[in-house]
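Report on the following structure.
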Amino acid sequence: MAFVTITCPQCGGQALIEAGRSVMCPYCGKEISAPAADGGFAYAPVDAQQSAVQFAPPPVQTDMQDPTVFGNQPAVMPAQPYQQQYVMPQYTQEQLLAAQQKRTNWYYTNAAMIGGQTLLFAFGVFYAILGFNVGAALILTWVLSIPGCGLLSALLRPDDAYIDKKPMFKSKIAHGFAQLILGAATSSAVGAIIGAILNALFG
């Protein structure tokens, strides 16, 4: 039994292989073969006789070489992108309270606009039932107020007050459209009920 030391051409690892056999390099998986013996006697150590294959680890890679990809040619390793860690800005308690107050005032403004729309629709329905022309004028004013209040709410939104939380809608256009729908639905429903009550009491 003759053994031959073979150096893997791909990773540089050394394997002591029985002559005439082919094995897979355990370091890179490339098939390596040992040439057959020429008929002479090759001495093999005792521990090598107990196994057909013995391995030595590949040499330590230096000079930025990656032989598994580029053979023995120098390889330029891709630079890792710099990951800049985002640091959350720190705000004082006074700043947070001031931002919360601005958001609260804006909420009250939206509620006041919806309240005004509700009263317009309620009195418009009430006067329309009574047969007064002012009822139609109030309802027309309510119709015109729907897009107007949505636009005004979007323009008044205090974006600088959202420092510790995000607004419900990132876009002001989306918020204005949502305010438009909310104002129309709420004021028409509640206004119709109030108008019916006023008609029942004073009609």
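Here are a few things to note about the model shown:
- In the set (1) assigned to a helix (DSSP H, G or I); (2) surrounded by 15 or more Cβ atoms within 10 Å (Cβ to Cβ), the condition left unmet by Ala136 is number (2).
- Restricting the first member to the stretch 154-181 and to residues that are loosely packed, with under 13 Cβ neighbours inside 10 Å, and the second to residues that are part of a loop (DSSP other than H, G, I, E, B), the beta-carbon pairs closer than 7 Å and six or more apart or on different chains are Asp164/Tyr91.
- Residue pairs meeting the criteria (Cβ under 8 Å; at least 6 apart or on separate chains; first under 10 Å from Ala36 (Cα atoms) and of a type in the set (Lys, Arg), in the stretch 1-24; second part of a loop (DSSP other than H, G, I, E, B) and modelled with pLDDT under 80): Arg21/Ala34; Arg21/Ala52
- Qualifying position, being modelled with pLDDT under 55, at negative phi and among the aromatic types (Phe, Trp, Tyr), among Tyr91, Tyr43: Tyr43
The values are calculated or read from the model by the stated rules, or taken from the named source; none is laboratory data. What you see is a predicted model, and the numbers here were worked out from it, not measured in a lab. Cβ coordinates were reconstructed from backbone atoms using ideal geometry, including for glycine residues, and neighbour counts include every protein chain displayed.
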